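Peer 1: Dropping a structure here in structure tokens format, bear with me for questions.
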């Protein structure tokens, strides 16, 4: 089974620090990578998309992709208590050879930003 | 632009009953995917529909089924409910599906089976 793996955490960082979230995936043919944020009791919300190797920045968020290492990460700079949530990594990969691609989610990393 | 709309928000059913959940995608989105989310299993893919055709299916029993209408609206049906079906059911739409473009989620339907 093709997997998307994340450190489950919980991860705690002080306010103003950089939070680093990591994700690895198993399907070398994956081309699309996303980070979602999910607050408790709410549905996932898209925060970043990345399709090419390297870094992509959007405000306080930076997504990093390394296809050779099958690794994608999310950095949150100047972390705020409002960033406290579960962060889900999603990768478009095949469940098995010959199957269609689908967006597969990791189990999520719970982030707490301490005031 | 209106987001993904799911109805109802909450459902309480008893074992053995069946349930139908509804989803209206973002205007212009032709792909609708359904996911089940539980604390233990996380987000699990159920199926994806594109232009009224089921294009992909996850590893769920046949009690879980769905369909998509010509206006891209989708329904999901679960028959012969079991206690383990209690979960948050999320519908998401995208432009072209198969994970090539991002999914946009609705608020979900929380199903409780007693």
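The values are calculated or read from the model by the stated rules, or taken from the named source; none is laboratory data. Remember, it's a predicted structure, so these values are computed and weren't measured experimentally. Neighbour counts run over all protein chains shown; Cβ positions are idealised from the backbone, glycine included.
Peer 1: Return a yes/no flag: does the range A:20-39 have any residue that is touching a strand residue (DSSP E or B) at 6+ places or on another chain (Cβ under 9 Å), closer than 12 Å to residue A:112 by Cα, away from chain B (no Cβ under 11 Å) and part of a loop (DSSP other than H, G, I, E, B).
Peer 2: yes
Peer 1: Out of all the residues in the range B:68-77, which are part of a strand (DSSP E or B) and surrounded by fewer than 16 Cβ atoms within 10 Å (Cβ to Cβ)?
Peer 2: The initial filter retains those residues of the range B:68-77 that are part of a strand (DSSP E or B), namely B:68, B:74-77.
Within the range B:68-77, just B:77 meets the criteria.
Peer 1: Now a separate question. Whether any residue in the range A:82-92 is surrounded by 13 or more Cβ atoms within 10 Å (Cβ to Cβ), at pLDDT 95 or above, within 10 Å of another protein chain (Cβ to nearest Cβ) and not in a strand (DSSP E or B) is what I want to check.
Peer 2: no
Peer 1: Find the residue count for the range B:78-112, including only residues that are in a strand (DSSP E or B), closer than 24 Å to residue A:39 by Cα and more than 10 Å from chain A (Cβ to nearest Cβ).
Peer 2: Residues of the range B:78-112 in a strand (DSSP E or B): B:78, B:87-94, B:104-105, B:109-112.
If we keep only those that are closer than 24 Å to residue A:39 by Cα too, we end up with B:87-94, B:104-105, B:109-112.
Keeping just the survivors that are more than 10 Å from chain A (Cβ to nearest Cβ) gives B:87, B:89, B:93, B:109, B:111-112.
Adding up the residues that qualify gives 6.
Peer 1: Contact list please: Cβ distance under 8 Å, first residue in the range B:5-29 and modelled with pLDDT under 95, second residue surrounded by 11 or more Cβ atoms within 10 Å (Cβ to Cβ) and part of a strand (DSSP E or B), pairs at least six apart or on different chains.
Peer 2: B:29/B:93; B:29/B:94; B:29/B:104
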